[in-house]
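The values are calculated or read from the model by the stated rules, or taken from the named source; none is laboratory data. All values reported here derive from a predicted model rather than from experimental measurement. Cβ placement follows ideal geometry from the backbone for every residue including glycine, while neighbour counts extend to all protein chains displayed. We work out accessible area using only protein heavy atoms, side chains counted, and drop any ligands, DNA or RNA first. Shrake-Rupley method; radii C 1.70, N 1.55, O 1.52, S 1.80 Å.
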Amino acid sequence: MEQSHGLLIILSGPSGAGKGTLCQELLRQIPNLKYSVSMTTRPPRPGEVEGIHYFFRTRTEVEAMIAGDELLEWASFCDNYYGTPRFAVEQAIQAGQDVILEIEIQGALQVKKRFPQGVFTFIVPPSMDVLAERIYKRGTETEEVIQKRLATAIQELEYVSEYDYVVINDEVPVAVDKLKSILIAEKCRVKRKPFVFKGEAK
Ligand code: 5GP
């Protein structure tokens with residue numbers, strides 16, 4: 001049987017929906033899953049490591065990558081650039097590895113145009129109150145940035161219909177199980193399988 005390409009899984013959802021936690025849990029539980037490390041111009045948060053959480057770059061550097069079509073997608077989110085390095089993702093998928101992108105919506109819509117066979121999954125918080133509470137608890141943003149992120153979150157929720165799946169992140173283990181089920185189902189899709197019967201029909 002010829003080798004299948006890996007899946008490209010796109011996780012989007014408002015800041016504070018818990019995409020990061022879900023992503024980490026999936027990476028811990030699924031051995032063949034690779035996290036796509038994004039470029040960003042925002043400064044590192046305490047504990048964030050270059051090349052693991054993000055590649056931290058200047059605006060000029062990211063603009064050069066955009067001009068050179070080195071990004072699979074990119075977006076300006078709350079005054080900073082974010083983008084997915086194209087080559088690493090393409091290489092992994094062609095090698096049969098599953099890749100997960102944790103990106104916002106403008107970027108996800110670009111990926112949908114370039115790679116419609118991606119698995120587009122939207123993560124939502126159980127309520128706006130919970131969302132606000134999570135962002136405040138994280139304690140890594142100024143009040144101004146928090147307000148901007150909350151306003152952006154409300155706009156983002158309108159895009160859920162562009163996605164294939166929606167998962168409410170109320171309890172992390174439940175949400176992780178749902179995401180794993182989605183991936184298992186996607187891998188069983190007939191159109192993804194180069195399925196050939198051996199021998200001839202009588
Ligand atoms: P944060 O600053 O909280 O790490 O990320 C802000 C938003 O940017 C989140 O919604 C996150 O998913 C999104 N993001 C992270 N990396 C990328 C990327 O490469 N492309 C796009 N379009 N969004 C990204």
### Message
Exceeding 19 Å between C-alpha atoms, which entries from my cross-link table qualify? They are Lys112/Lys180; Lys34/Lys187; Lys112/Lys178; Lys112/Lys191; Lys148/Lys178; Lys19/Lys178.
### Response
Lys112/Lys180; Lys112/Lys178; Lys148/Lys178
### Summary
Given a Förster distance of 22 Å, the FRET efficiency implied by the Cβ-Cβ spacing of Asp69 and Val190, rounded to the nearest 0.05, works out to 0.10
#### Entry: 222 nm mean residue ellipticity, helices alone, for the chain (DSSP H n ≥ 4; -39,500 (n - 2.57); rounded to 500)
-12500 deg cm²/dmol
### Query
In what order, largest first, do Ser181, Ser127, Ser15 sit by accessible area if the probe radius is 1.4 Å?
Ser181, Ser127, Ser15
### Message
Would the stretch 52-202 count as rounded, prolate or oblate if I go by the C-alpha gyration tensor, calling it rounded below 1.5 in a/c and otherwise prolate when a/b exceeds b/c, oblate otherwise?
### Response
oblate
### Query
Between the stretch 91-136 and the stretch 1-71, what's the alpha-carbon centroid distance in Å?
10
### Message
Before I look further, what does the stretch 8-187 give for accessible area per residue, probe 1.4 Å, in whole square angstrom?
### Response
50
### Total formal charge among the other residues, if their Cβ is under 12 angstrom from that of Gly68, Lys/Arg +1 and Asp/Glu -1
-3
### Dipole of the stretch 8-187 [Lys/Arg +1, Asp/Glu -1 at C-beta], most positive-end residue of Val111, Trp74, Gly51
Gly51
## Note on the structure
Honestly the stretch 32-84 on the Cα gyration tensor test (a ≥ b ≥ c root eigenvalues; a/c under 1.5 rounded, otherwise a/b vs b/c for prolate or oblate) is just oblate
### Summary
The size of the Cβ-based charge dipole (Lys, Arg +1; Asp, Glu -1) of the stretch 8-187 about the Cα centre, to the nearest 20 debye, is 280
### Message
Leaving out ligands, DNA and RNA, and with a 1.4 Å probe, what % of the accessible surface on the stretch 10-113 is carbon or sulfur?
### Response
54
## Note on the structure
With every protein chain in place, the accessible area of Lys19 for a 1.4 Å probe, in Å² rounded to the nearest 10, comes to 30
